[in-house]
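Comments concern the structure below.
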Amino acid sequence: MSGFNILSPLSQFEVSSLIGVNAPILGYLNITLTNLALYSCFILLIALGLHLYGNNDSNLIPNKWSISLETSFASLSSMVREQIGAQSEIYLPFIYSLFFFILFGNLISNVPYSFAVTASGVVSLGLSVTIFIGVTILALSIHGLKFFSFFIPSGTPLALVPLLVLIELVSYLARAVSLGVRLFANIVAGHTLLKILSTYLYKLFSGSVLIAVITLIPFAIFLALIGLEIAVSLIQAFVFTLLVCSYLRDAVHLH
């Protein structure tokens, strides 16, 4: 059973303890540093370091990182403005930070033997549920009881109101998990496929010379899949933030 756990493609997503301290303080205190927490810190340090390096305050000529960050900021600002409205600058810092957290988390997970933070249900579903609660509180604070009109489409016959309210309510509550499940499923599926393929390719390359030469063909396909997975990392970060913007638009404008 232990050998199966080691070879299992899903073992790369397990949250494990790296350093733990037990102290008899306040009855019992356990402090544990997991791989999830460690890679979350890596994401934070990389994001801060990249933005500090791309700072133009002391440079006459902007470097390529600065241009990339300014382009990303302009693209996200345009997306937020188009999705939420003209007076949407207040939401831009949140969307910008969320995009880079998911992007760097996805990209780091493509490094061999690294940990996929966004493939953890705690992170993906935690973000999804937290955003859902925050958006709902925002809608209630802006519209009050009028918020519940969101569940009754305009022009609905009175006889169909109970059924449509139930359908709209279920659809709205599904947002609490849909964001996280979409991100979680795409990252887990892609990384699991690469893990399985890399294991078989390693065994084929370890065989005879003839088999190793023939294996170069599927290995080229494997490299293409790695490029596709990197593209998926970017796309999923964009899709996640785009859907968050659409949820914010519904909360602000009730449509």
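The values are calculated or read from the model by the stated rules, or taken from the named source; none is laboratory data. Computed from a predicted structure; not experimentally measured. Please note: Cβ atoms are built from the backbone with ideal geometry, for glycine as well, and neighbour counts cover all protein chains shown. Heavy atoms of the whole protein, side chains included, go into the accessibility calculation; ligands, DNA and RNA do not. Shrake-Rupley method; radii C 1.70, N 1.55, O 1.52, S 1.80 Å.
Computed values, structure above
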{"quantity": "Set I108, I95: member being closer than 30 Å to V232 by Cα and touching a Cys at 6+ places or on another chain (Cβ under 9 Å)", "calculated": "I95"}
{"quantity": "Residue that is open to solvent by less than 30 Å² (accessible area, probe 1.4 Å), of a type outside the set (S, T, N, Q) and out of contact with any Asp or Glu (no Cβ under 8 Å at 6 or more places or on another chain), where the choices are G180, G227", "calculated": "G180"}
{"quantity": "Residue within the range 147-170 that is in contact (Cβ under 8 Å) with a residue 40 or more places away in the chain and touching a Gly at 6+ places or on another chain (Cβ under 8 Å) present", "calculated": "no"}
{"quantity": "Residue list for the range 100-114, restricted to those being free of Cβ contacts under 8 Å to residues at least 60 places away in the same chain and over 12 Å from the mean Cα position of the chain (by Cα)", "calculated": "V111, P112, Y113"}
{"quantity": "Selection count where residues are open to solvent by less than 50 Å² (accessible area, probe 1.4 Å) and part of a loop (DSSP other than H, G, I, E, B), scope the range 81-124", "calculated": "8"}
{"quantity": "Unique match (being open to solvent by 60 Å² or more (accessible area, probe 1.4 Å), among the polar types (S, T, N, Q) and under 24 Å from V111 (Cα atoms)) among S198, S171, S206", "calculated": "S206"}
{"quantity": "Residue among L36, L45, L50 that alone is loosely packed, with under 13 Cβ neighbours inside 10 Å and at pLDDT 80 or above", "calculated": "L45"}
{"quantity": "Index of the failed condition, H191 passing every other in (1) under 22 Å from Y91 (Cβ atoms); (2) crowded, with 16+ Cβ neighbours inside 10 Å", "calculated": "(1)"}
{"quantity": "Check on T136, assigned to a helix (DSSP H, G or I), open to solvent by 70 Å² or more (accessible area, probe 1.4 Å), within 18 Å of T241 (Cα to Cα) and modelled with pLDDT of 85 or more", "calculated": "no"}
{"quantity": "Residues within the range 63-80 that are in contact with a Gly (Cβ under 9 Å, 6 or more places away or on another chain) and open to solvent by less than 70 Å² (accessible area, probe 1.4 Å), tallied", "calculated": "4"}
{"quantity": "Filter result for the condition that a residue is over 30 Å from G121 (Cα atoms), at pLDDT below 85 and not in a helix (DSSP H, G or I), over S154, S149", "calculated": "S154"}
